[in-house]
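Data block below; observations after.
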Amino acid sequence: GRFLLEQVPLLGNVLGPAVFLFRSVPFGGLLAFWFMINQSKNRDLPRIVRFNLQQAVLVDIALFFPSLIGALLSVGSPDLVSALSEPASDAMFVTLLGTIAYICAGNLATGKIGGFPKVPLIGENAERSIGGPFDSE
């Protein structure tokens, strides 16, 4: 999303400090990933927290594959990568922001409509991963 953040300075100013803080911690991404996996299994946490942690883990895994494809394409065709890197990066970033907004809005409305907001395909797997529906809230 660096291309989009450069084009929209307000968004870059809002998200920039968080990105800087996250990247300043050595192995910060790996530590956050490990923390979310472990806490999603913690039965002492409310079910909605465990569910959303597991969804975040699965979204992170899903975002790994486009990065892997980009890395593999860069080996074979550098011209193709230079042409597609900005739009692909922006599309992934906007998709991630949309997913986060969807989950946040769904969590705010959860008390009114019941159930958890589920990311398509990922939500069902997160539900299976955290356990049965009879856990305490």
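Among the residues of the range 7-24, those that are surrounded by 11 or more Cβ atoms within 10 Å (Cβ to Cβ) and of a type outside the set (Phe, Trp, Tyr) comprise Gln7, Val8, Leu11, Gly12, Val14, Leu15, Gly16, Val19. When the residues of the range 40-99 are filtered to those that are charged (D, E, K, R) and either closer than 20 Å to Phe116 by Cα or in contact with a Cys (Cβ under 8 Å, 6 or more places away or on another chain) (or both), the one that is surrounded by the fewest Cβ atoms within 10 Å (Cβ to Cβ) is Asp44. Pairing residues of the range 1-21 that are closer than 15 Å to Leu97 by Cα with residues that are among the aromatic types (Phe, Trp, Tyr), at Cβ distances under 7 Å and at least 6 apart in sequence or on separate chains, gives Gly1/Phe93; Leu4/Phe93. Screening Ile103 against (1) among the aliphatic types (A, V, I, L, M); (2) open to solvent by 40 Å² or more (accessible area, probe 1.4 Å); (3) in a helix (DSSP H, G or I) leaves a single unmet condition, (2).
The values are calculated or read from the model by the stated rules, or taken from the named source; none is laboratory data. Keep in mind that what you see is a predicted model, and the values were worked out from it rather than measured. Methodologically, a virtual Cβ is constructed for each residue, glycine included, from the backbone with ideal geometry; neighbour enumeration extends over all protein chains shown. To get the accessible areas, we keep the full protein, side chains included, count just its heavy atoms, and leave off ligands, DNA and RNA. Shrake-Rupley method; radii C 1.70, N 1.55, O 1.52, S 1.80 Å.
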